[in-house]
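Please treat every number below as a calculation from the coordinates, not as lab data. A quick note: this is a predicted structure, and the numbers were derived from the prediction, not measured. Positions of Cβ are generated from backbone atoms using ideal geometry, with glycine treated the same way; all protein chains shown enter the neighbour counts.
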Amino acid sequence: MEAHSIPYLREVVLFLVTAGIVVPVLHRWRISPVLCYLVIGGVVGPYGLGLFADKVAWLRFAVISDLAGVQALAELGVIFLLFMIGLELSLDRLWQMRRMVFGLGSLQIVISALVIGAVAWRFGNPPAAAVVLGACLSLSSTAIVMQLLIDRREMASPLGRSSFSILLMQDLAVVPILFLVGVLGAKAGGAIGVQLLLAVLKAVAVIVGIYLGGRLLLRPLYKMVARTRNAEMFMAATLLIIIGAAMITGATGLSMALGAFLAGLLLAETEFRHQIEVDIEPFKGLLLGLFFMSVGMGIDYRVVVDTFGWIVASVIGLFVIKSMITSLLCMLFGLPRHTALETGLLLGQGGEFAFVVVGLAMNTGLIPADVGQFMLIVTGLTMVMTPLVAATASRLASSLARRLEKLPGGAARPQDDDLSSVGELQGHVLVAGFGRVGCLLARVLDADAIPYVAIDNSVFNVAEARSVGLPVYFGDASRLELLRRANAEKASTLVLTMDDSDAIEHVVRMVRAEWPHLRVLARARDARHAAHLMDLGATEVIQETLEAGLQLAERVLAVVGTPEEVARRRTEVQREKEMAALRELVG
């Protein structure tokens, strides 16, 4: 077979040059990989160098002109991203997030859609077109936002959890919005309510069917494949599950990415989770990079020049409207104001789903072609700007935190800026979390005159500790910059005592990557959580259930007449057995 007969060979080579050479070079200058892919996509796309390919022969080998084919392949990147997100979760954790997902997420979609739709109507769009524009532009870019959070290691932070909750609800909203476009395009009239209800019921039935089928079939399937000890078969089974679940939801009118997310959620409950995560990560990263490039390729910069003023106003307006609504809702749901502000700015762009909805609306005649093209350019530009806006939002949120957050009674809230008083402290213990466990640890360290610094995100815990002169500072310990300011690189030990197990995992992963030699002691819920923390790089883990059980056993032995020294030795032996079993599980 001749090389030129392989479909998309030149496009694949150009993409691999970008992913393997150009992006790593630019990343050395601290340029976001997402921004690199977006900009390079615009340069090599049909509206960049592709405009000159007919005049300069050699450019034909350096541009990508078949945008439709690339976009079809790039959609797999979003599918793999949502699968990996589901793999990081569990059904229990998702249920714990239900208030944020269905409460905060639903309000963000509905209010944003109403406001954006009203603006579109005021600018002369017909009511049906305004409804469609409001609905699709209320959604943000799951692919870009989640990749930025992963790159910044903030998935388990308050910012990551709030953003993910809203984005997950937006993915669930795909089916009613698609149905709405179809109904308005067909002018279905008064039956909209009934048909919308039927569409939602169908979506629920599909989700429940995937869940029940997955619970019954996935573990036996993977056990059968694992017995073969064949890595290729294991990979093939994983790809089948991801793409198969995506096809099922896509065929029933739901988002394909939602099917992949459900597959990841189900596999997160199995013992095969970590191997699957390692196998799929390279696919996700490469295909997601291709998706970002396809977004950059779709922006016709000639139209941007012709309508520059209106496009700039629309891009800024979309960011302002969505950021304000999202920030206010986040504060309403109890998030700190600086976190709410950063969440709003991070989710202010339009999303990849707008390309699908606006394209469908143009095909059905709901939206005129010129209006649709204009809105697609605005959406694409907001996506291109997101990495820059996110970086600005992070700095802005940090600088405004001390002015926005106040203690009860008007006293200034303790801020992470107070960490400047730590100075050149070295060899100290850094305690992340100052609840009951952290407070007890601090008393023991004080008794032995061991220097420590503690960080906690509860204003009341910090205020109480500071009132008696303890070195406790307000802040989110899952932020790398905050740990740096607490001299983490010069600390003897980092102790993680937070209640949030996701946050503990995030910090262990982040610290191990940044300071490989720092000792990290972490609090774990149970043996499974402890094994995962050790996999991530924790030096030692303390299991809550193990220590509580051993202390209770020691007291029971003493009460029934066993000498205290014997009881202590027996519990110590049992502790060693449990820790040995844990090390064997990890190793």
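Of note:
- Peptides 534-541, 349-356 ranked from most to least packed, by the mean per-residue count of other Cβ atoms within 10 Å: 349-356, 534-541.
- The magnitude of the dipole of segment 3-403, with charges of +1 and -1 set on the Cβ of Lys/Arg and Asp/Glu and taken from the Cα centre, is near 800 debye.
- Ordering of 467-475, 131-139, 262-270 by packing [mean C-beta count within 10 Å, highest first]: 131-139, 262-270, 467-475
- Pairwise centroid distance, computed over Cα atoms, of segment 431-499 with segment 250-270, Å: 40 Å
- Intensity falloff of segment 3-403 expressed as log10 I(q)/I(0), Debye formula with alpha-carbon point scatterers, at q = 0.07, 0.08, 0.13 Å⁻¹: -0.33, -0.43, -1.18
- Order by protection proxy (mean Cβ within 10 Å, highest first), peptides 96-106, 207-217: 96-106, 207-217
- Hits among aspartates and glutamates - C-alpha to C-alpha of Lys577 under 18 Å, sequence gap 8 or more where chains match: Asp526, Glu540, Glu544, Glu547, Glu554
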